[in-house]
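The values are calculated or read from the model by the stated rules, or taken from the named source; none is laboratory data. Keep in mind that what you see is a predicted model, and the values were worked out from it rather than measured. Here Cβ is always computed from backbone atoms with ideal geometry, including for glycine, and neighbour counts include all displayed protein chains.
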Amino acid sequence: MDETLAIIITAAGRGTRAGGEEPKQWRKIAGRPVLAHTLSAFDGFGRIVLTLHPEDMMRGLELTAGHATLVAGGETRAASVRNALEVLEGSAVTRVLIHDGARPFPSRMMVQSVIAALEKSDGAAPAIAVSDALWRGAGGRVTGLQSREGLLRAQTPQGFRFPAILQAHRAHPGGAADDVEVALAHGLSVAVVAGEEENFKITYPDDFARAERKVGAMDVRLGNGYDVHAFTAGDHVWLCGVKVPHDRALLGHSDADVAMHALTDAIYGALAEGDIGRHFPPSDPQWKGAASEIFLAHAGQLASARGYRIANADVTIVCERPKIGPHAAAMQARLAAILGIEAGRISVKATTSERLGFTGREEGIAALATATLVSA
């Protein structure tokens, strides 16, 4: 988790237009509150600050299990956001994302694009170009036309450099529709990144049916991978992209990273895309001695191109030596960096075979991996 990034999720409103007997953020989609889906979308990105109606604080505590900072919301959305920003002053936070609690389906790719845009701009926000014809109307009749040229439909999360947006909110008189309005009034620059139709805000009763269809349509795929490499002469082995000192090396056409090969095959398997050999034939000399991260990165990119994200991966290394424990955290971090996901979604562990079989005789190393892919 990035301690310099905070995600403010606004959920203090009452949402009366959505109907129902309770505020829309607490109504359920596929058995879980809307707000639970929203929180899941930001898992692992940074510190979560959740603005809630004072009456909802206990529900918020139960929902987040203490893993979020809860802040009482104000009379307006802008007031709620300012309350959250003030709580963050003096912390390590340098960037902040502000998101509607009733938008439960922002993709991780879109969130990452907002964060990346903050490298060159005071702020960044997703939007979708208006494609429909626009009319003006009154009394149930069309009274005029409106050009759609240059018009965008705003979405969240809206990201900002923290000191700048805090000062902007302090200076604003209130009543802003969103945080981009506050930022522009303070003279900040705001970049536009591509929004997504699936990142809709639940506003009306029919939106719950749409949300149920969205969750019900989620595609989950599971893949397994297994690989073995024998020892040969050398002074180190590559495991999960980490160079581990050892009195032997692993024999293979590439760098023989047996654990990374197993994980790569697990991702290919979930996609029904065969194995490494299909994509990088060992008969091709260009892959002689190649770094296995090339293979893993390709598998991850293929999953993304097919509309999936890696929900989690589990890697088990089977060997007597070298000892994996001292290197497991570095391996976890390296795999996460290659795949572009948070380290908390990857497990790396090891076991011995109790001196049985070829691993027990220290003739080589085996690895097993499982990967879960979900539609993004």
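Checking each residue in region 339-355 for being surrounded by 20 or more Cβ atoms within 10 Å (Cβ to Cβ) and more than 18 Å from Asp2 (Cβ to Cβ) picks out Val348, Ala350. Residue count for region 333-376, restricted to those that are among the basic types (Lys, Arg) and either part of a strand (DSSP E or B) or outside the structural domain of Gly307 (by TED's automatic domain parsing) (or both): 1.
Look at Phe231 and say whether it is hydrophobic (A, V, I, L, M, F, W, C) and over 30 Å from Leu97 (Cα atoms). So Phe231 fits the description; yes. Just to be sure before I move on: is Val96 of a type in the set (Val, Ile, Thr), within 27 Å of Ile341 (Cα to Cα) and part of a strand (DSSP E or B) in the structure I sent? Yes; evaluated as a whole, the condition is true for this residue. If we scan region 71-90, do we find a residue that is hydrophobic (A, V, I, L, M, F, W, C), within 28 Å of Glu196 (Cβ to Cβ) and assigned to a loop (DSSP other than H, G, I, E, B)? There is no residue in region 71-90 that is hydrophobic (A, V, I, L, M, F, W, C), within 28 Å of Glu196 (Cβ to Cβ) and assigned to a loop (DSSP other than H, G, I, E, B). Of all residues assigned to region 222-233, none qualifies as being crowded, with 19+ Cβ neighbours inside 10 Å, in contact with a strand residue (DSSP E or B) (Cβ under 7 Å, 6 or more places away or on another chain) and aliphatic (A, V, I, L, M). When the residues of region 9-59 are filtered to those that are modelled with pLDDT under 90 and farther than 19 Å from Lys201 by Cβ, the one that is farthest from the chain's Cα centre (by Cα) is Glu21. Only residues that are touching a strand residue (DSSP E or B) at 6+ places or on another chain (Cβ under 9 Å) and either among the basic types (Lys, Arg) or surrounded by fewer than 19 Cβ atoms within 10 Å (Cβ to Cβ) (or both) were counted in region 284-301, giving 1. Summed over region 305-359, residues that are in contact (Cβ under 8 Å) with a residue 60 or more places away in the chain and basic (Lys, Arg) total 4. Residue pairs whose Cβ atoms lie under 8 Å apart, separated by 6 or more positions or on different chains, with the first residue in region 65-77 and touching a residue at least 24 places away in the same chain (Cβ under 8 Å) and closer than 14 Å to Pro173 by Cα and the second hydroxyl-bearing (Ser, Thr, Tyr) and part of a loop (DSSP other than H, G, I, E, B), do not occur. Going by the structure shown, is Ala6 part of a loop (DSSP other than H, G, I, E, B) and buried (at least 16 other Cβ atoms within 10 Å of the Cβ)? When the stated conditions are applied, Ala6 does not pass them. Considered as a group, the residues in region 258-296 that are assigned to a helix (DSSP H, G or I) and among the acidic types (Asp, Glu) include one that is nearest to Gly223 (Cα to Cα), and that residue is Asp265.
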